[in-house]
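Accompanying notes for the structure given below.
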Amino acid sequence: LLLLCCTEEAAVIVSGLKNTDVFVGESATFTCELSHPGVKNVQWWLDGSPLHNNLVTEISEQNGMIHTLTLNDVACHDSGTVTFRAGSLISSAKLLVKGILLLE
């Protein structure tokens, strides 16, 4: 008999963040999937600064398990480390924003 316990400690990251390269002005999307819903204290960070839902930063979740961060209209200075934290679980990935070289 297998009992699945839905405490925060039992939650694991099923699919973590992946490094993403985009060009200036594009959108960058990061997704982290947890094994079950109900994990408290979910937070996204970019280079150590907490992110909040606004026009540029879209934070969403599906079924309490699939957490998504979309950074819209990125600029070169947005390059850095994106971190997702849910309770004691942490997943990080690099965001590289590439400038567009105009050849004359």
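The values are calculated or read from the model by the stated rules, or taken from the named source; none is laboratory data. Nothing here was measured: the structure is a model prediction, and the numbers come from that model. Every residue, glycine as well, gets a Cβ built from its backbone with ideal geometry; the counts of neighbours run over all protein chains shown. All accessible areas refer to the heavy atoms of the entire protein, side chains included, with ligands and DNA or RNA removed. Shrake-Rupley method; radii C 1.70, N 1.55, O 1.52, S 1.80 Å.
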Taking only protein heavy atoms and a 1.4 Å probe, the highest-to-lowest accessible-area order of Phe84, Phe23 is Phe23, Phe84
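If you put +1 on each Lys and Arg Cβ and -1 on each Asp and Glu Cβ, how big is the dipole of the chain around its Cα centre, in Debye rounded to 20?
Values: 5 positive and 11 negative charges, 51 e Å.
For this selection, approximately 240 debye.
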Grab the other residues whose beta carbon is less than 11 angstrom from that of Thr57, score K and R as +1, D and E as -1, and report the net. -3
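May I ask you to give the percent of accessible area on segment 13-98 that is carbon plus sulfur, with a probe radius of 1.4 Å?
Details: 2420 of 4640 Å².
After summing per-atom areas, the C and S share lands at 52 percent.
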Diffusion coefficient, µm² s⁻¹, Stokes-Einstein with Kirkwood Rh over alpha-carbon pairs of segment 13-98 at 20 °C and 1.002 mPa s: 167
How much of the DSSP beta bridge set in the chain is antiparallel, as a percent to the nearest 5? 90
Kindly provide the trypsin sites (Lys or Arg not before Pro) of segment 22-104 that DSSP labels as loop, not H, G, I, E or B, and whose Cβ sees at most 12 other Cβ atoms within 10 Å. Lys40
Determine the per residue accessible area of segment 13-98 with all protein chains present and a 1.4 angstrom probe, expressed in square angstrom. 54
